[in-house]
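Have a look at the structure below before the remarks.
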Amino acid sequence: MRVTLADGNAIELHGLGTMRTQLLAELRDGRAEVAAEAAATVGRAEIFGGTVGSDSAELRVYDDALLIITAAASERIGFSFVGAVQVRDYTITVEVAGREPITLTRLGRRVGELAELLTTRLREARGRTSAFLASLLPGLEPMALRTASGLLRDGVAAPVSALDGIHPDLGSALLGIATLPERKETVAELAKRTEMAIGFSPRSRSGAERSTGR
């Protein structure tokens, strides 16, 4: 068995016997855990095997993202940037904003299971944003809440001016809520100099942190 390290060096292991399969599994799981930590994924992964393009891949579906791990690299696809999930001829196509769609193939009998899970997680991601905004601004009318949730879907940063276009002072109100007291003066000064944007990550909505975008 040949293991290639991140620095380009390689280690060759021989005589593993029946331990070969176990070692491969442990190396794969360890690499996936490191990739998930680096990608700051949320929740427990549901794991699938398949192919992305011409590369074999491990597909890990978390609460907030799809993590694609191939032999060469790992990639995080946040559900906030996913437009739709489509299934045709045993192939799943994931539409992602700002790039070509991702095609998942060779999923075996789990095509339907993965497609349903991705669709469910996408719906849940959008629902979390709507519930979160409703808790922050309980007086916001349903149509404005729905539109604002679309712009701020699960972590996407939206321009304050775009939010104010949905409802007067909506963006300013959210900036006021999200900005820590000691940073309000700095944020106000930045707002005079540039267009501000605001986004709420899944962790910020759990109360762990708050963040504003530029």
C-alpha center-to-center spacing [region 56-106, region 40-54] in angstrom: 8 Å
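Output the relative contact order of region 128-205, whole-number percent, from Cα pairs under 8 angstrom with separation of 6+ residues.
Over region 128-205, the number comes to 34 percent.
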Environment charge at Leu170 (Cβ cut-off 14 Å; Lys +1, Arg +1, Asp -1, Glu -1): -2
Gyration tensor verdict on region 68-107 (Cα atoms; rounded if a/c is under 1.5, prolate if a/b is larger than b/c, oblate otherwise): oblate
Going out from 0 in 10 Å bins, what whole percent of all Cα-Cα distances in region 46-92 drops into each bin? 24, 56, 20
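Just so you know, all these numbers are worked out from the coordinates, no wet-lab data involved. Worth saying up front: this structure is predicted, and the values here are computed from it rather than measured. As a convention, Cβ positions derive from the backbone with ideal geometry for all residues, glycine included, and neighbour counts pool all protein chains shown.
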